[in-house]
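Here's the structure we're looking at; comments come further down.
The values are calculated or read from the model by the stated rules, or taken from the named source; none is laboratory data. Model, not experiment: these values are computed from the prediction. With ideal geometry, Cβ positions are generated from the backbone for all residues, glycine too; neighbour counts draw on all protein chains shown. For the accessible areas, the whole protein counts, side chains as well, though only heavy atoms, and no ligand, DNA or RNA atoms are used. Shrake-Rupley method; radii C 1.70, N 1.55, O 1.52, S 1.80 Å.
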Amino acid sequence: MKFYSSTVGRKFLTGLAGILLVGFLVVHLGGNLTLLVSQGLFNSYTHHLESLGIFLYAAEIVLLAIFLAHIVTALMVQLEKRRARPRGYAVNASKGGPSKKTLASRSMIVTGLVLLVFLPIHIWMFKFNQGRPSPSMTHDGKVIRDLYAIVVDAFRNPAIAWGYATVMFLLGFHLRHGFWSALQSMGALNRRLMPLVYALGLVVAILLAGGFIILPLWLHYSGAGM
Ligand code: HEM
């Protein structure tokens with residue numbers, strides 16, 4: 001208990017929750033990439049998810065708990081840092097080696113807050129179709145929710161497509177520093193592994209953010225669903 005009430009313990013929790021969220025993003029991107037294949041494939045994928053019923057609700061509660069743990073502990077660590085050094089650094093330079101001070105690391109709180117604002121809007125738009133009844137379609141003889149139409153319709157608007165692409169670019173920045181920093185905070189890195197994991201952080205950020213950026217732009221410019 002004492003461990004989790006210390007800054008080191010909170011950093012550990014932020015990192016652990018962050019790594020679990022990367023796992024969610026990999027699965028979420030994988031599922032969303034079926035949007036690029038066909039309306040039927042994406043809708044039957046989301047229909048299968050919805051048919052999990054109580055198991056899907058359980059997974060959503062666990063996911064919400066992970067998001068909350070990540071956000072609350074990250075904000076607490078940030079506040080503790082501010083309290084310890086209220087004036088910030090006179091010069092924002094990296095000391096090299098394990099310090100790894102970059103634009104991505106300094107902007108973690110800003111990119112994190114952007115994602116925090118994005119998430120409820122995103123879920124309201126797609127999961128709840130902005131409070132409107134969802135359209136439906138017949139697939140393999142079954143009437144299922146046409147989530148494809150909701151997503152494609154939203155991305156037809158260039159402001160929404162480019163707004164999403166911009167937030168996904170910032171997600172890439174968050175992951176660029178976050179992935180490496182999470183493993184470091186969890187004590188998983190010795191000095192020899194550090195450069196490797198730092199490079200891996202860049203690959204994870206490019207693949208995930210790149211995949212998420214392609215979706216709105218492709219759906220907008222390919223005229224999908226027309
Ligand atoms: C281009 C980018 C994205 C697209 C097209 C997309 C698409 C979707 C869609 C269609 C849903 C509704 C799923 C359903 O009702 O079955 C959804 C839900 C959700 N998305 Fe995304 N998403 C994107 C990016 C993200 C990102 C970056 C995050 C996290 C940082 C995220 C987190 C979530 C969450 C937490 C849910 C609710 C899941 C649930 O309750 O089952 N999404 N997304």
Next on the checklist: Criterion first (modelled with pLDDT of 85 or more, farther than 22 Å from Asn32 by Cα and within 14 Å of the ligand (Cβ to nearest atom)) does Gly163 satisfy it?
Outcome noted: no
Checklist entry - How many of the residues making up the stretch 101-139 are within 23 Å of Asp153 (Cβ to Cβ), exposed (fewer than 14 other Cβ atoms within 10 Å of the Cβ) and touching a residue at least 24 places away in the same chain (Cβ under 8 Å)? => result 1
Checklist entry - Looking at the stretch 143-157, which of the residues that are assigned to a helix (DSSP H, G or I), more than 9 Å from the ligand (Cβ to nearest atom) and hydrophobic (A, V, I, L, M, F, W, C) is least open to solvent (accessible area, probe 1.4 Å)? => result Val152
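Can Leu21 be described as of a type in the set (A, V, I, L, M) and modelled with pLDDT under 95?
It is false that Leu21 is of a type in the set (A, V, I, L, M) and modelled with pLDDT under 95.
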Item to check | Set Thr34, Thr46: member being touching a residue at least 60 places away in the same chain (Cβ under 8 Å), among the β-branched types (Val, Ile, Thr) and closer than 18 Å to Lys127 by Cα | outcome: Thr46
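Condition check ((1) in a loop (DSSP other than H, G, I, E, B); (2) open to solvent by 30 Å² or more (accessible area, probe 1.4 Å)) across all residues:
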site	(1), (2)
Ala159	no, yes
Pro195	no, yes
Ala199	no, yes
Ala209	no, no
Leu215	no, no
Ala224	yes, no
